[in-house]
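Note sheet for the following structure.
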């Protein structure tokens, strides 16, 4: 899914449930010690907060959208993160305490329907 489409899809879903994107997402841009992201089932980033963008040396959120861990991490880390992603729906929990560089990680994943 192209980056712009992925972002507009996420914004559309938030609006569908009555959440204003500014209220629901932008607050996470101000949590400097928290890296937060949303991925689709294929592992493509649909949204990331600004600390996540800066941690990986990108200049814009759009530079990351539509990419996977394999595009931005070393192969061993990307493999581990993908394994974590595959376990999330089974556990129906956030994957926490996985450290990418020196910052703590928090992944919020919606519960399966």
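The values are calculated or read from the model by the stated rules, or taken from the named source; none is laboratory data. Everything numeric here is computed off the predicted structure, so don't read it as measured data. Quick reminder, even Gly has a Cβ in these numbers, built from the backbone with ideal geometry, and neighbours come from all protein chains shown.
Scanning region 24-48 for residues that are assigned to a loop (DSSP other than H, G, I, E, B) and touching a strand residue (DSSP E or B) at 6+ places or on another chain (Cβ under 7 Å), which turns out nearest to residue 12 (Cα to Cα)?
Restricting to residues being assigned to a loop (DSSP other than H, G, I, E, B) and touching a strand residue (DSSP E or B) at 6+ places or on another chain (Cβ under 7 Å), the top hit is 40.
If I ask for residues that are out of contact with any strand residue (DSSP E or B) (no Cβ under 8 Å at 6 or more places or on another chain) and either crowded, with 16+ Cβ neighbours inside 10 Å or at pLDDT 90 or above (or both), which ones from region 62-79 would you list?
63, 69, 70, 71, 72, 74, 75, 76, 78, 79
Check off (1) assigned to a loop (DSSP other than H, G, I, E, B); (2) modelled with pLDDT under 90 for residue 86 and give me the number that stays unchecked.
(1)
In region 51-61, how many are outside any loop (DSSP other than H, G, I, E, B) and either surrounded by fewer than 14 Cβ atoms within 10 Å (Cβ to Cβ) or modelled with pLDDT of 90 or more (or both)?
Total satisfying the criteria: 5.
If I ask for residues that are farther than 25 Å from residue 12 by Cβ and assigned to a loop (DSSP other than H, G, I, E, B), which ones from region 62-79 would you list?
73, 74
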